[in-house]
C-alpha cells in the first residue's frame, strides 16, 4: 500500500519555504511595533556578544558560542526543538537511513544531563543493558553538565571498535559505570517471526526510511509461511522512540482499508493537514494487537492512536510516552539545520495525546525482576521541563514502565496478546488504587469491600 509523495515529504520539508513567504508579507502598524521590539532584543544580544568577545578572560570560540546561543534559543521553546550544525545534520540524515556509527541509543537532554529514550535492538547499548530513562551523567569520566545534547552525542560517537565508558544514574541511585565498544549501527528496524502455528509477530524498533518496506515484507513473508491461515498479527511498538512522520502514516495505512490516519495542525487555523489510508489492508483484515509501553513515543503513538481510534486493533500494554508534536527539519544551507516543533498531531477522533499518552485497551504491566525493582523511573513527556501543554486541557498523564523482558517466555504483554488472538479473555493485571479515607467515609455503613485483585 502506498502513500502519495506529498505525505512522504511533508514531515521533513513541509516548512522549507517559510522564510520566503515571510519576506512577502506587508508590515502593518502592529507588525512594525513588534519588529521594533525584536530589533531592541537583537541589539541587546549584539551588545552582550560584543562584550564577551572583547572582555572575556580567554579568547572565546565564536563559532561555538554562536551555535550555543542558537541552540539555547530553540531549546527554550520545548524539549524537542534544537539546532544542528552541518556535521550533526549530516549525521542525522545518515541515521534516518538506518546505517550509522555509534552506540545505538536514542537520547534527549533533561535537567542538564543526557537521558536515554530507548536503546535500539541488538546494538552495543542494548547488549550492555542500558534502559530507557537511564541518565548519562559522565562520558569517559567527564561531566555532561554544561554541554549541549549535540555535543554529548558527538562524544559518544567515534571510530568502530573503540571503547567508551558511560556513567549512569538509574532511579536516583548511586552512579555506576558501563563500558561499551562502539560499532557500526545498522538499524534493522523491522523483525518478524511466527508465534506458534497461527500468530504473526512484527517488531518495529524505529520509524526510519526502511520501516514501511520492512513491514510490507514482514506481512508478506508471514502470510506465505502460514499459508494465509494466521489468526492475527501482533505489532510490537514498545520502546520505539518514533522517527519520520511519513513512515508512521504509511505503516498505519498498511493495516487499514480506509479512514483518517492522523491530522496535523500548526499555529494558524489554516495550517491543517489530514492523512488518510488508501484501499488495501495488507494484513487482509486479520485481528491485530498493538503492544505499547512507556517507551513508545511520537510516531509510535500516531500508529497506535490511528489503529485504536479506527477500531482496527486492540492495544495492550501500558500508557505511552505522550509526545504529541511534530518537528520539521529546516535546512540552513551549508550551516546545518534547525529541528523546530511546527505542528501538533491529532488522532482520527480528534484527540491530542500531548503530555497524556495513549491509554491501552487492556493494561498489562511487566513484572520487574528483583534486580530492577525500585530502580526504574516511569518517565513521560509530562515530566520533561518546558514541554507543551495539551491543547485540550485536562490532567496530564504520568509515565509508565518501559521494561520488556529479554526472554519472551517471561513477557506478560506478549503472552496477553497471543491469548487475546486465540480468543482467551484478557484482563488487566494491575491492582486498582486503594480508596482514600474520604472515599471510605462517604460509603454507606453496609457497603461491601472491593474484592482484592492480585497481580499476576
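For the reader, a short list of remarks on this structure follows.
- Packing-based ranking, highest mean first, of 122-134, 275-287 given that Cβ atoms within 10 Å are counted: 122-134, 275-287
- Relative to the longest principal axis of the Cα atoms of the chain, the long axis of helix 86-97 makes an angle of roughly 20 degrees.
- Percent of beta bridges antiparallel (DSSP, the chain, rounded to nearest 5): 75
- Contact order, relative form, for segment 272-429: 25 percent (alpha carbon pairs under 8 Å, 6 or more residues apart, mean separation divided by residue count).
- Beta bridges by DSSP in segment 190-421, antiparallel share as percent, to the nearest 5: 55
- A straight line joining the Cα centroids of segment 372-404 and segment 141-160 runs 25 Å.
- Axis of helix 29-55 versus longest Cα principal axis of the chain: the two differ by about 70°, to the nearest ten degrees.
- For 180, 414, the sequence from fewest to most other C-beta atoms within 10 Å is 180, 414.
- Cα centroid separation - segment 83-114 against segment 58-81, whole Å: 17
- With neighbours defined as other Cβ atoms within 10 Å of a residue's Cβ, the residues 341, 347 order from fewest to most as 341, 347.
- Ordering of 293-303, 323-333, 165-175 by packing [mean C-beta count within 10 Å, highest first]: 293-303, 323-333, 165-175
- Sequence-separation-based contact order of the chain, relative, with Cα cut under 8 Å and 6+ spacing, percent: 15
- The chain, helix-only ellipticity at 222 nm - DSSP H runs n ≥ 4, -39,500 (n - 2.57), divided by all residues, nearest 500: -9000 deg cm²/dmol
Every number here is computed from the coordinates shown, using simple stated rules; none is lab data. These numbers were taken from a predicted model, which means no experiment stands behind them. For neighbour counting, all protein chains shown are included, and Cβ atoms are generated from backbone atoms with ideal geometry for every residue, glycine included.
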